[in-house]
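Since every read-out is calculated from the coordinates, none of them should be taken as a lab result. Computed from a predicted structure; not experimentally measured. Every residue, glycine among them, receives a Cβ derived from its backbone with ideal geometry; neighbour counts consider all protein chains shown.
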Amino acid sequence: MRSITRLIGFIAVLQSILFLTHWFLYKTWTFSPAGANLRSPWLKLALVLLSVSFVAASLLAFRYTNAPLRAFYRAASVWLGLLTFLFLAAVLSWIALGISRLAGVHLNFHRTAELLFLVAFVTGFYAVFNAGWTRITRATVRLANLPESWRGRTAALISDLHLGHVRNGNFLRRMVAKILHEQPDLIFIAGDLFDGTAIDAGSAAEPLNKLAAPHGVYFVAGNHEQFADDSKYLNAISSAGVRVLDSEKVDVDGLQIIGVPYRSATQRGHLESVLKRIGVDRRRASILLIHAPDHPEVAEAAGVSLQLSGHTHLGQFLPYSWMARRIYRQFVYGLSRIGQMQVFTSSGAGTWGPPLRLGSNPEIVMLQFE
């Protein structure tokens, strides 16, 4: 009952913010005498409908899946992303007006707003295009006590595909083809393969049947698989031939591969006990596959050599990229170090919420071991 109350409260707050944001856009657009001529009940109605579109689409998406709903959800998600850029444009319009009045300079407010809104739309649509352009990111990782057989070998890291109403099996099929083209020796999937919305998990995961590497394909669950019961997702992934790691360690030609799912890693104490139970051999190189880079100091203290994560998306676009950097700091993206352990955090291949990226690129990471 308490969780339902929290959910209702969150939805109410989110919807209130969206109402206020659309009202702010309307006031900005119609503020000046030139803008006053554009006031109409139809514009108000359009903005009201747009303001409720994402919440309505999200609530339906967690229960149902069909072609019209997927199209509605995509459109509402794109609009939510564009809304962020339009809001920033509106804020800049008012800042420009304030500066001009302080300077005693006449400013055509409506023309300024028009120009900034146009820039916001162009920027937003580029961000939509950029979110669909997956890059290959390459990095070399030097690990102490690396088995001789692993020197020069490569591993692919992919995370955060978020299969659901925006991206589906066809997207996964393209990612599988890109990975296979690189011919990695080992493949890691660091969680959030699914978005958590209603989906035929088995059908969506079917392309994983073709994903193979000489030393295996390994997956750990992310927070979106574990919103509720994760069994349908994990069963679909296992049925496709991928090894799901559930707080366990496997030996792969002398290299320790450890996987801890999201639920077991959110609390520092719990993660400490899980890694202690698993037992990391400090004398041998090890890789920890874990969805979020929340507690790298725990993994370092346990003797892990390399942690591989995703989750952050590098914020996807402003202002969320700034927020992500504030939360995760040096571990928000790329290769970093804490003590004797290295951490690689991927920006992910897909998107959550608005399918936009600006200042962050969707990627598949290719790691070469030295």
Loop sites in region 112-145: trypsin sites (Lys or Arg not before Pro), DSSP, at most 13 other Cβ within 10 Å: 142
Helix axis angle, 67-103 relative to the chain longest principal axis, alpha carbon, degrees: 60 degrees
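For region 20-93, what number results from the quotient of the Cα radius of gyration and 2.2 N^0.38 Å? Intermediate values should be presented prior to the final figure.
Details: Rg = 14.4 Å, N = 74, 2.2 N^0.38 = 11.3 Å.
My calculation over the Cα atoms of region 20-93 gives 1.28.
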Separation between Cα centres of region 3-56 and region 219-260, rounded to whole Å: 41 Å
Positive-end extreme of charge dipole, region 26-127 - chosen from 71, 108, 96 (charges on Cβ): 71
Nonlocal amide H pairs with residue 248, under 5 Å, H built at 1.01 Å: 259
For peptides 40-48, 317-325, 164-172, 66-74, sequence by mean Cβ density within 10 Å, most packed first: 164-172, 317-325, 66-74, 40-48
Cα long-axis angle, helix 2-29 against the chain (0 to 90 degrees, to the nearest 10): 40 degrees
Count of lysine pairs in the chain with Cα separation under 22 Å (8 or more residues apart, or interchain): 4
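Just to be sure I understand: of the beta bridges DSSP finds with both ends in the chain, what percent are antiparallel, rounded to 5? Kindly include the intermediate steps, with their values, before the conclusion.
On the way: 14 of 44 bridges.
Around 30 percent of the beta bridges assigned by DSSP in the chain are antiparallel ones.
Taking a quarter of the surface of the convex hull around the Cα atoms of region 128-192, what do you get in nm²?
Values: hull surface 21.8 nm².
Taking a quarter of the hull surface, the average projection is 5.5 nm².
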Computed [θ] at 222 nm, deg cm²/dmol, the chain (DSSP H ≥ 4; -39,500 (n - 2.57); rounded to nearest 500): -15000 deg cm²/dmol
Part-to-part distance (alpha-carbon centres) for region 163-193 and region 296-370, which is given in Å: 18 Å
Nonlocal amide H pairs with residue 317, under 5 Å, H built at 1.01 Å: 358
J(HN,Hα) series, region 353-370, from Karplus relation 6.51 cos²θ - 1.76 cosθ + 1.60, nearest Hz, glycine and proline x: x, x, x, 10, 9, 9, x, 9, 10, x, 8, 10, 9, 10, 9, 10, 8, 10
Karplus-derived 3J(HN,Hα), 6.51/-1.76/1.60, for each residue of region 170-177, Hz, glycine and proline x: 5, 5, 4, 4, 5, 5, 4, 5
